[in-house]
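> Structure incoming, see below.
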Amino acid sequence: MLVVAWALVAFGSDPDCESSFGTTACGWDCESAYGELDCAQWPGGTCEAAYGQVVCGPEAPYAWDWRWGQNPPKAECESAFGMVACGYDCVSAYGEVRCAGTPEGRCEASFGEVVCWDPPPPSMPWVAPTYGTMNPYGAPPPGPQGYYTPPPSNSVMRCATGYGQTVCGYDCTVAFGQVRCARTPWGQCDAAFGRVTCWDPQR
């Protein structure tokens, strides 16, 4: 409930209620078809009717304020192979359709499967005095006087493939038959002595 309330402030939009096929549903981007009626449960969610079904999603993402005050983009839906999926960075391949659950998530099709990955949820709330916003990763790396340390400007979420594997995250490294990525923007990976080692700050 708190998440939805925050969403109303951020997006400036009110939910609607619609009635169809003898039922009533409330939310956002409502869709009715094939005798079904459904609505997304947060302003950034969306719905699509295809293949005899109505699908809405994703669930409200926990990290929607991670870009420090910007509203998350509207989710999308992808339909293929008789399936429908809603979320972010949707990919259809190899007979399946998948989407990431948050705006920062990524999906990649390789080696006969679609892999989706989202940043980890926060382990604990933490408010940065400098920015007045919550860090979705919990306690940040130490900064001057304990203030929040922004992620490196070159830290970009991506998916890496190699050696029959697909892994998503940050600072991904492919070497020595391994594919590994850090889990947070502050993380780092390094290839040395025949292995790939990744490190993330403690939360």
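> Being exposed (fewer than 15 other Cβ atoms within 10 Å of the Cβ), among the charged types (D, E, K, R) and at pLDDT below 90, is that true of even one residue in segment 62-81?
yes
> Out of (1) surrounded by fewer than 17 Cβ atoms within 10 Å (Cβ to Cβ); (2) within 21 Å of V55 (Cβ to Cβ); (3) modelled with pLDDT under 80, the odd one out for C26 is which?
All conditions are met except number (3).
The values are calculated or read from the model by the stated rules, or taken from the named source; none is laboratory data. The shown structure was predicted, so the numbers you read here are calculated from the model rather than taken from an experiment. Reconstructed Cβ throughout: ideal geometry from the backbone, glycine too, with neighbour counts over all protein chains shown.
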